[in-house]
Amino acid sequence: MKKTLTKIMSQKLLAVLLVLMVALASTAFYQKKPWVAPASADAKKSPLHNEAVQIAEGKKIYEKECQSCHGKKGKGDGPSAKDLDIPAGNFTKPETQAQSDGALDWKIAEGRKPMPSFKKKLNEDQIWHLVAYMRTMK
């Protein structure tokens with residue numbers, strides 16, 4: 001009876017370890033998969049025109065909604081970033097800054113694990129304000 005119980009426990013442990021390994025491997029794969037906005041989003045332009053107002057409003061929203069993960073200067077080093085399975089985006093990187101405003105707008109609205117979607121929390125103008133503020137992070 002004892003040998004059977006030990007064998008069952010060993011099999012369960014092996015099964016749990018296998019599930020954890022698959023989960024870790026899929027997370028690693030997910031991290032490396034490029035996050036590309038659709039062409040229709042990529043071509044989208046901001047409907048807002050007062051850049052100074054956009055940046056000021058974007059900073060307020062960023063400090064409330066984004067800074068805890070992305071950090072004060074947008075480098076992905078906020079206090080909550082250490083708790084994420086996937087690193088927070090670094091907005092100062094040239095590859096981030098090279099993306100179109102429409103692509104950034106779409107990514108903020110849609111989200112991707114671990115970043116939540118903001119399309120129900122922020123209105124369209126607020127998301128564009130964030131994009132304008134992100135452009136100052138170089």
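The values are calculated or read from the model by the stated rules, or taken from the named source; none is laboratory data. Only a predicted model underlies this, so the values are computations on that prediction, with no experimental measurement involved. Positions of Cβ are backbone-derived with ideal geometry, glycine not excepted, and every protein chain shown enters the neighbour counts. For accessibility, only protein heavy atoms count, side chains too; no ligands or nucleic acids. Shrake-Rupley method; radii C 1.70, N 1.55, O 1.52, S 1.80 Å.
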Report yes if some residue within segment 103-112 is open to solvent by 40 Å² or more (accessible area, probe 1.4 Å) and over 16 Å from Arg135 (Cβ atoms); otherwise report no. yes
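The rows are residues; the columns are (1) among the hydrophobic types (A, V, I, L, M, F, W, C); (2) touching a Ser or Thr at 6+ places or on another chain (Cβ under 9 Å); (3) open to solvent by 20 Å² or more (accessible area, probe 1.4 Å).
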| position | (1), (2), (3) |
| --- | --- |
| Tyr62 | no, no, no |
| Leu84 | yes, no, yes |
| Asn90 | no, yes, yes |
| Lys93 | no, no, yes |
Could you grab me the full set of residues in segment 117-134 that are surrounded by 14 or more Cβ atoms within 10 Å (Cβ to Cβ) and closer than 22 Å to Lys33 by Cβ? Phe118, Lys119, Met134
Check segment 79-89 and report whether any residue there is at pLDDT below 95, out of contact with any helix residue (DSSP H, G or I) (no Cβ under 8 Å at 6 or more places or on another chain), in a loop (DSSP other than H, G, I, E, B) and among the charged types (D, E, K, R). no
Yes/no for Glu57 being among the acidic types (Asp, Glu) and at pLDDT below 95: no
Cβ pairs under 6 Å, 6+ apart, first in segment 53-64 and over 18 Å from Gly76 (Cα atoms), second open to solvent by less than 50 Å² (accessible area, probe 1.4 Å): Gln54/Leu48; Gln54/His129; Gln54/Ala132; Ile55/Ala132; Ile55/Tyr133; Glu57/His129
Hits in segment 91-123 (condition: of a type in the set (Asp, Glu) and within 12 Å of Lys45 (Cα to Cα)): Asp101, Asp105
Test for His49: is it out of contact with any helix residue (DSSP H, G or I) (no Cβ under 7 Å at 6 or more places or on another chain), open to solvent by less than 40 Å² (accessible area, probe 1.4 Å) and under 18 Å from Asp105 (Cα atoms): no
Within segment 101-134, the residues that are in a helix (DSSP H, G or I), among the charged types (D, E, K, R) and over 10 Å from the mean Cα position of the chain (by Cα) are Asp101, Asp105, Glu124, Asp125
